[in-house]
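A.B. asks: Input: one structure, supplied below.
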Amino acid sequence: MRTSEKILVIGSSGQIGIELVENLRNIYGIDNVIASDIKVTEQAKDGPFEVIDVLNTQNLLEIVKRHNINQVYLLAALLSATAEKNPKFAWDLNMIGLFNVLDLAKEKIISKVYWPSSIAVFGPNTPKVNTPQYTIMEPSTVYGISKQAGERWCEYYYNKYNVDVRSLRYPGLIGWKSAPGGGTTDYAVHIFHEAIKTGSYECFLSENTTLPMMYMPDAIKATIGIMQADPDKIKIRSSYNLSGLSFSPKDIAIEIKKHIPNFSISYKSDSRQFIADSWPQSIDSSMAAEHWNWKPEFDLIGMTNDMIKNLKKCTESETYM
Ligand code: SER
């Protein structure tokens, strides 16, 4: 596709970044999508790559200017479980990183920003089922607090400085191409790898902990979808609720057993249980559907089929290499 877009993905070697870069390059062309992370990774082999520390404004500005970037996807962040181990650094990375990118748009150096929020903006006092877009939000994790504050700042920059910033409240994301990095919902990826590799899994959340989740192709579709939507369709400039599916460790174990009958699961909750218990079980994303036509494709059955099919293929090719 011929395009005038020049896109920078910051934090591109993480769980979302790897798949997002691949998809953006299919749409906009390899050379129009610059991947970047805090250090050089394998991804550098696949196309333009820069080392960016999002906390270093000079470094960021220099690269944005050098590549004539007009859109930034800011994915660099500490997720819920990792952030609890280093709250101050998590706050700095998640907030200052956002300011640094929003300020590039405020100064009209770039024209569009994508920034992910999370179901972590909700807290123990939020209604848990079909959580509405507008509701009580009292997050109890540093990650959730940083995402909630970030949402407020996104809306503020839109209202005050006309910054075209777009955002989604991601649920737990599940994909086979990339590993998750320090979230409470990571079990839903690890469980597939262990089921195929060893036939058993010890889950760090209890069996009935139902959480909102989404299969990665849907998350990528939503991310690119909201960025490509006409600006007047984006009526929420804090962040949109986004729903895919909802399940518990027990539900997903039952589904995996249909493919791997001897699969067994055991449960040993750790500190992540406390985080999971503060989050919703399911999300109402009717506003995303209404405003820019959001519609997920994958349910639990479809996702499980696809995950197992692809991970088995990967395992086979590794064996024969
Ligand atoms: N998957 C994320 C986490 O568990 C939620 O945004 O931290």
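The values are calculated or read from the model by the stated rules, or taken from the named source; none is laboratory data. These numbers come from a predicted model, not from an experiment. As a convention, Cβ positions derive from the backbone with ideal geometry for all residues, glycine included, and neighbour counts pool all protein chains shown. Quick note on the areas: whole protein, heavy atoms, side chains included, nothing else; ligands and nucleic acids left out. Shrake-Rupley method; radii C 1.70, N 1.55, O 1.52, S 1.80 Å.
A.B. asks: Probe 1.4 Å, all protein chains in place: accessible area of residue 272 in Å², nearest 10?
C.D. replies: Residue 272 exposes around 60 Å² with every protein chain in place.
A.B. asks: Please get the size of the charge dipole for the chain, origin at its Cα centre, with Cβ charges of +1 on Lys and Arg and -1 on Asp and Glu, quoted in debye to the nearest 20.
C.D. replies: 320 debye
A.B. asks: Compute the helix-to-body angle for 216-228: its Cα long axis versus the longest principal axis of the chain, expressed 0 to 90° and rounded to tens.
C.D. replies: 20 degrees
A.B. asks: Count neighbours as other Cβ atoms within 10 Å of each site's Cβ, and list the GluC sites (Glu not before Pro) in region 1-108 that are DSSP loop with at most 11 such neighbours.
C.D. replies: 107
A.B. asks: By its C-alpha gyration tensor, with a ≥ b ≥ c as the square roots of the eigenvalues, how is region 266-321 shaped: rounded for a/c under 1.5, else prolate for a/b larger than b/c, else oblate?
C.D. replies: Taking the square roots of the gyration eigenvalues as a ≥ b ≥ c, region 266-321 is oblate.
A.B. asks: Per residue, how large is the accessible surface of the chain? Use a 1.4 angstrom probe and give square angstrom.
C.D. replies: With the other protein chains kept in place, the chain gives 44 Å² per residue.
A.B. asks: So, in nm, how far is label residue 230 from label residue 26 when the simple model puts each one 7 Å beyond its Cα toward the Cβ?
C.D. replies: 2.7 nm
A.B. asks: Quick check on region 215-321: take the gyration tensor over C-alpha atoms, sort the square-rooted eigenvalues as a ≥ b ≥ c, and tell me if it's rounded (a/c under 1.5), prolate or oblate.
C.D. replies: Note, shape of region 215-321 comes out oblate.
A.B. asks: A further question follows. How do 257, 235 rank by accessible surface area computed with a 1.4 Å probe, from largest to smallest? Each step should come with its number before you reach the end.
C.D. replies: Numbers: 257 95, 235 130 Å².
The most accessible residue leads, giving 235, 257.
A.B. asks: Given points 7 Å out from each Cα along the Cα-Cβ axis, report the residue 250 to residue 290 separation in nanometres with one decimal.
C.D. replies: My value for the distance between the label points is 3.5 nm.
A.B. asks: I've got another one for you. Spin-label point model (7 Å from Cα, Cβ direction): what's the residue 111 to residue 61 distance in nm?
C.D. replies: For residue 111 paired with residue 61, the spin-label model returns 2.2 nm.
A.B. asks: Related question: Quick one: pull the percent of accessible area on the chain belonging to carbon and sulfur, 1.4 Å probe, ligands and nucleic acids left out.
C.D. replies: 52 percent
A.B. asks: Now a separate question. Taking the Cβ-Cβ separation of residue 129 and residue 85 as r and a Förster radius of 41 Å, what is the calculated FRET efficiency to the nearest 0.05?
C.D. replies: 0.85
A.B. asks: While we're here: From the residues 243, 82, 162, which one has its Cα farthest along the dipole of the chain in the positive direction, the dipole being from +1 and -1 charges on Cβ of Lys/Arg and Asp/Glu about the Cα centre?
C.D. replies: 162
A.B. asks: Near residue 108, which lysines are there with a Cα under 28 Å away, not counting those fewer than 8 places off in the same chain?
C.D. replies: Result set, ordered by chain and number: 6, 39, 65, 147, 160, 221, 233, 235.
A.B. asks: Compute the helix-to-body angle for 15-28: its Cα long axis versus the longest principal axis of the chain, expressed 0 to 90° and rounded to tens.
C.D. replies: So the inclination is approximately 60 degrees.
A.B. asks: Using +1 at the C-beta of Lys and Arg and -1 at the C-beta of Asp and Glu, which of 73, 10, 55 has the Cα lying farthest in the positive direction of the dipole of region 1-145?
C.D. replies: With unit charges placed on the Cβ atoms, the residue in question is 73.
A.B. asks: With runs of 4+ DSSP H residues as the only contributors, calculate the mean residue ellipticity of the chain at 222 nm using -39,500 (n - 2.57) per run, divided by the residue total and rounded to the nearest 500.
C.D. replies: -13500 deg cm²/dmol
A.B. asks: Mind checking which lysines have their Cα closer than 16 Å to the Cα of residue 312? Skip sequence neighbours fewer than 8 apart in that chain.
C.D. replies: Within the straight-line cut-off, residue 312 pairs with 177, 197, 257, 258.
A.B. asks: Roughly what percent of Cα-Cα pairs across the chain reach past 28 Å?
C.D. replies: 38 percent
A.B. asks: Would you please report the Å³ per residue occupied by the convex hull of the alpha carbon atoms in region 16-142?
C.D. replies: In region 16-142, the Cα convex hull volume per residue is 139 Å³.
A.B. asks: Quick check: the distance between the Cα centres of region 239-253 and region 172-192, to the nearest angstrom?
C.D. replies: The two parts, judged by their Cα centres, are 12 Å apart.
A.B. asks: Further, regarding this structure: PRE reach from residue 68 (point 7 Å along Cα→Cβ): which of region 96-116 fall under 18 Å by backbone N?
C.D. replies: 108-112
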